[in-house]
Amino acid sequence: MAEIVLESLGKIYPDGTRAVGDVNLTIEDGEFLVLVGPSGCGKSTVLRMVAGLEEVSEGTIHIGDVLVNDVPPKDRDIAMVFQNYALYPHMSVFDNMAFGLRLRKMDKEEIRRRVEEAAAVLEITDFLGRKPKALSGGQRQRVAMGRAIVREPKAFLMDEPLSNLDAKLRVQMRTELGRLHGRLKTTTVYVTHDQVEAMTLGHRVAVLKAVTAKRPDNLQQVAPPSELFYNPANLFVAGFIGSPAMNMVTGHLEGTGGEVFAVFGPHRLRVDAKALQRHPGLEKFMGRDLVIGIRPGDFEDHRIAGEEPERTMEVKVDVTEVLGSETFVHYMVPVAPVVTPEIEELLADTGSDPATLGDETKFSSRVSSDVAIPAGGTARLVVETAKFHFFDPETGQRIGYRPGAFSAA
Amino acid sequence: MTATTAPAPARSGSRRHRRLSWLTDHWLVKFVVLLIVILWLIPTVGLLITSFRPTDDINATGWWTVFPHMFDKATWTISNYDAVLSRQGFGNAFLNSLAVTIPSTVIPITIAAFAAYAFAWMEFKGRHVLFVVVVGLLVVPLQMALIPILRLYTSGAEVFGVTIFPDLDLNGTYLAVWLAHTGFGLPLAVYLLRNYIGSLPSSIIESARIDGADHFKIFTRLIIPLSVPVLASFAIFQFLWVWNDLLVALIFLGGEPQNRVLTQALMELNASRGNEWQLLTAGAFISMTLPLAVFFSLQRYFVRGLTAGSVKG
């Protein structure tokens, strides 16, 4: 049990490539912190530096008040669970779990007690005598977890531990992992690219993004899951968290007699006062271009939401996907897509022009399945404008962003 | 017969797999393989038959003429084996061969395993260059090194007045042969073992490091048990090579009767004018027994998938 503190942590590979830069993060004692981001964002590198498997190029790592930059992995008192399980193939499940304890010259009875206890928790008692190859993927994953648990380390480090399991098992193991942490209360750093895992498991979630020459820091936002969803710090977090992704469109705000309207393409929606309160300093952007973000869940068909002409978008439906209780409605808004700083970089890399992205933006909305919406027809969708998100198009930052300023309403 | 008769490919997965299973299932392929095996075995079978024939028959007719009267008692004899085994010093030569071969197999494998682990998993400066140099030594021909090594053994070596190899008077000792075989076996051993050990999943080794293992523990508890297939393959190669070697033993061990190895004893069986070659056939089979035993006892370790279940593939 210990706090893990990362200060200005950075990683530069011998060939000069920077993978991680300026990561400042305090993982509290007993906390379950998730590092999430797309592939190549440096999340695994951060974890491997904490484990001691990668050298630290810049900054410091403290585990429980001890500076561990130059401490070898075996002396850091941490346990790691790998994506591919990394079981010792020639040893039985029992020996796999006992390996670390035996190396530490622990008493035989104590080893037996710990292994059996962990096996009972993970429900693998029946397999203790088997070799890993006689186990299913889910069972192997449990053994890998068991190997970490028996050590009773200061912290667990998990590198995408569930990503090799099939979908159903993954959901089941996710729940069990959450329960396990509730029971052991060991500080855990968990790396994943799956935002659902991040949102369901993490007390707090750190969203990372690949570093670039212009912007040598990975960390985008560290916050509890719901804050990431309702109060994303910038366009990257807004687009990464949530599925389907947040709709983003360039528009502007018009003020008429105390009312504020968001205008994008042919649509003109009255903005709820709550949305204005949640973006302090928004008045400076009146009449200027800004990025409007709307979560797909913040739409509803007019037949269910009631007639709200000032908050209704009339759209031509491209495709609908009926998923039982809800329906996804896909349509286009005739405004050129938002070019975020990342997309700009990407375009610069490939030598393309933003103009090639077309002049329409894809939108998706999640509405109730209680009313039929025919593809190719017209839908009238009422927008929950209190939950609008506004971003500065220059910096990609949320307008008036304050960490912790979050309300689910 | 066409590919359509191959097993249903739907569940076997990749195209490559489908093509391979077609290949191994085809009757023509089986026929060709069988043909090669037979062609390859004919000389050995001939040798075996000859070794059991009386001297006069051997000198009169070929071994293939035995088949019409296979069940005639006069066709077969064990007198050749009798003659070989009762020869002075043949049993001693067998023991000498063992004394040369076992250390000459064990020493290079031990050294190469440590070296291979270091080359594969330890970070140190110049490791790639060093590895290339070691593998590059594969091209040095044994024959070229014989005289320099002999001089090293008999008078040591000095560079600028500094002794880099003392005059140990090794010539004629077992140590001399072991060292020579070790030296010439190492490059291939290091190369083979490094490639195998380097391909073990890195996460297993990282996991062991976190579990508290140092390099030596990782080597003994993980690398060695997981490298059994490559260790067995190289052991067989090296064993056969040293067992069958005549040149190195003749030069470094010398021709003294008490030092003779099996290959030297075999050579002498032939007699000075080559007129006793019927004994050679029996001698050859006697000398083949041990390598065959080694091969069959180690071949079961040639199992693929020793790391199965360790990591998700």
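The values are calculated or read from the model by the stated rules, or taken from the named source; none is laboratory data. Treat the numbers as computed from the prediction; the structure is a model and nothing was measured. When we count neighbours, we look across all protein chains shown, and the Cβ atoms used for this are built from the backbone with ideal geometry, even at glycine. Note: areas computed on protein heavy atoms with side chains; ligands, DNA, RNA excluded. Shrake-Rupley method; radii C 1.70, N 1.55, O 1.52, S 1.80 Å.
Looking for something hydroxyl-bearing (Ser, Thr, Tyr), more than 14 Å from chain A (Cβ to nearest Cβ) and over 21 Å from B:Ile111 (Cβ atoms) - is there at least one such residue anywhere in region B:268-276? Taking every residue of region B:268-276 in turn, at least one turns out to be hydroxyl-bearing (Ser, Thr, Tyr), more than 14 Å from chain A (Cβ to nearest Cβ) and over 21 Å from B:Ile111 (Cβ atoms).
For A:Thr187, the criteria (1) of a type outside the set (A, V, I, L, M); (2) open to solvent by 10 Å² or more (accessible area, probe 1.4 Å); (3) over 26 Å from A:Lys316 (Cα atoms) hold in every case but one, which is (2). So, B:Val139, is that one within 30 Å of B:Leu250 (Cα to Cα) and free of Cβ contacts under 8 Å to residues at least 60 places away in the same chain or not? In short, yes. There is at least one residue in region A:83-97 that is surrounded by fewer than 18 Cβ atoms within 10 Å (Cβ to Cβ) and either in a helix (DSSP H, G or I) or within 14 Å of chain B (Cβ to nearest Cβ) (or both).
All of B:Val45, B:Val37 fail the test of being over 20 Å from B:Gln278 (Cα atoms) and without any contact (Cβ under 8 Å) to a residue 24 or more places away in the chain, apart from B:Val37. If you filter region A:152-201 down to residues that are small (Gly, Ala, Ser) and farther than 25 Å from B:Asp211 by Cα, you find that the one that is nearest to the other protein chains (Cβ to nearest Cβ) is A:Ala167. Quick check on region B:192-214. Is at least one of its residues among the β-branched types (Val, Ile, Thr), farther than 27 Å from B:Ala118 by Cα and open to solvent by less than 50 Å² (accessible area, probe 1.4 Å)? No, every residue in region B:192-214 fails to be among the β-branched types (Val, Ile, Thr), farther than 27 Å from B:Ala118 by Cα and open to solvent by less than 50 Å² (accessible area, probe 1.4 Å). Would you check if there is a residue in region A:322-333 being under 18 Å from A:Ser369 (Cα atoms), of a type in the set (Gly, Ala, Ser) and outside any strand (DSSP E or B)? Yes.
Of all residues in region B:142-178, those satisfying the criterion of being under 24 Å from B:Phe252 (Cα atoms), free of Cβ contacts under 8 Å to residues at least 40 places away in the same chain and among the small types (Gly, Ala, Ser) are B:Ala145, B:Ser155, B:Gly156, B:Ala157. For first residues located in region B:116-130 and among the β-branched types (Val, Ile, Thr), partners that are open to solvent by 80 Å² or more (accessible area, probe 1.4 Å) and assigned to a helix (DSSP H, G or I) and lie 6+ apart or on another chain with Cβ distances below 8 Å do not occur.
Only one entry of A:Ala223, A:Ala273 meets the criterion of being closer than 18 Å to A:Thr312 by Cα and either of a type outside the set (D, E, K, R) or modelled with pLDDT of 95 or more (or both), and that entry is A:Ala273. Of all the listed residues (A:Thr250, A:Thr256), the sole one being under 28 Å from A:Thr378 (Cβ atoms) and open to solvent by less than 50 Å² (accessible area, probe 1.4 Å) is A:Thr250. Here A:Val46, A:Val68, A:Val50, A:Val23 are screened, and the one residue that is within 19 Å of A:Thr188 (Cα to Cα), within 14 Å of another protein chain (Cβ to nearest Cβ), out of contact with any Lys or Arg (no Cβ under 6 Å at 6 or more places or on another chain) and open to solvent by less than 10 Å² (accessible area, probe 1.4 Å) is A:Val50.
For B:Leu175, the conditions (1) open to solvent by 10 Å² or more (accessible area, probe 1.4 Å); (2) of a type outside the set (Ser, Thr, Tyr); (3) closer than 24 Å to B:Leu130 by Cα; (4) in a helix (DSSP H, G or I) all hold with the exception of (3). Evaluate region B:153-173: report whether one residue or more is among the small types (Gly, Ala, Ser) and touching a strand residue (DSSP E or B) at 6+ places or on another chain (Cβ under 7 Å). Yes: region B:153-173 contains one or more residues that are among the small types (Gly, Ala, Ser) and touching a strand residue (DSSP E or B) at 6+ places or on another chain (Cβ under 7 Å). For the criterion of being surrounded by fewer than 16 Cβ atoms within 10 Å (Cβ to Cβ), within 29 Å of the chain's Cα centre (by Cα) and either within 14 Å of chain B (Cβ to nearest Cβ) or over 30 Å from A:Leu9 (Cβ atoms) (or both), A:Glu55 passes. If the Cβ limit is 8 Å and pairs must be 6+ apart or interchain, which residue in region B:219-236 that is outside any helix (DSSP H, G or I) pairs with which residue that is of a type in the set (A, V, I, L, M)? Between residues of region B:219-236 that are outside any helix (DSSP H, G or I) and residues that are of a type in the set (A, V, I, L, M), the close pairs are B:Ser227/B:Ala113; B:Ser227/B:Leu193; B:Ser227/B:Ile197; B:Ser227/B:Leu200.
Is it fair to say A:Thr200 is touching a helix residue (DSSP H, G or I) at 6+ places or on another chain (Cβ under 8 Å), open to solvent by less than 50 Å² (accessible area, probe 1.4 Å) and of a type in the set (Ser, Thr, Tyr)? When the stated conditions are applied, A:Thr200 does not pass them. What number of residues within region A:117-160 satisfy the criterion of being surrounded by 19 or more Cβ atoms within 10 Å (Cβ to Cβ) and charged (D, E, K, R)? Of the residues in region A:117-160, 8 are surrounded by 19 or more Cβ atoms within 10 Å (Cβ to Cβ) and charged (D, E, K, R). Considered as a group, the residues in region B:180-232 that are of a type in the set (Gly, Ala, Ser), within 13 Å of chain A (Cβ to nearest Cβ) and farther than 20 Å from B:Phe295 by Cα include one that is farthest from the chain's Cα centre (by Cα), and that residue is B:Gly212.
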